[in-house]
Amino acid sequence: MSEQRAVFYYDFNSPYAYLAAERIASVFKQADAEQPLWRPISLAFILRASGRTPWSLESEESRAQGQEEIARRAAERGLPQVRYPEGWPGGSYSLAPLRAATYADQAGRVIAFSLAAFRQQFAAGRALSDPDNVVLAAAACELHPKAVLKAIETESIKQAVRERTEEAIELGVPGVPTLAVGKELFWGDDRLEEAADAAPA
């Protein structure tokens, strides 16, 4: 594996990360680049470390503008209308899906689980703060629900999420989605093409 292989940092509470997740494979394929590694991290801790306030919490105007842009991009890409879970963003945030994705990574199914989880959150509008919806995503990629529920409570999985988040903070990841190619960071759904061009073949 190349040392410069791109790493895709994301959190399930970000609609821009959802948009990126839905097209990242095709963007990298078109660029003849090696597919990136998927790394779920906690956006809440990234924001805490940077002291930054996300657009979704700045003001009603900022949130409306952001959601309008997301709706435009989703429509352009033929995605279902984005549906926001009740209470989003604060009420839908949880570490549970990040831990489940980390477990899925160990099982070789991180991409399948992550796409299923993103679709629960933003295509179906079902908050991943509800464990039942995490289980639905797990079942969609043939991960045993009981195994997932057990895994997200284990200290090793919790520690793995913390370590990956700390790694991202040390690297300077400002938010999600971010693609890291070596030490170069590409933050935003609109920078996938740049990241793919910088990634190794």
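The trypsin sites (Lys or Arg not before Pro) found in region 121-201 that occupy coil by DSSP, while having at most 10 further C-beta atoms within 10 Å, are 183. The Rg/Rh ratio of the chain, with Rg taken over Cα atoms and Rh as the Kirkwood radius over Cα pairs, comes to 0.94. What lysines sit close enough to residue 150 to cross-link, taking a C-alpha to C-alpha distance under 26 Å and skipping anything fewer than 8 places away on the same chain? The qualifying lysines are 158. Over the chain, what is the percentage of antiparallel beta bridges among all DSSP beta bridges, to the nearest 5? Here the antiparallel bridges make up roughly 65 percent for the chain. So what's the gap between the Cα centers of region 1-35 and region 144-201, to the nearest angstrom? First find each Cα centre; the distance between them is then 10 Å. The distance linking region 54-71 with region 76-113 is 19 Å (Cα centroid to Cα centroid, whole angstrom). Placing unit charges on the Cβ atoms of the charged side chains and taking the dipole of the chain about its Cα centre, the candidate lying farthest along the positive direction among 133, 6, 87 is 133.
No value in this document is a laboratory result; all are computed from the given coordinates. Small disclaimer: the values here were computed from a predicted structure and weren't measured. Using ideal geometry, Cβ is built from the backbone for each residue, glycine included, and neighbour counts are taken over all protein chains shown.
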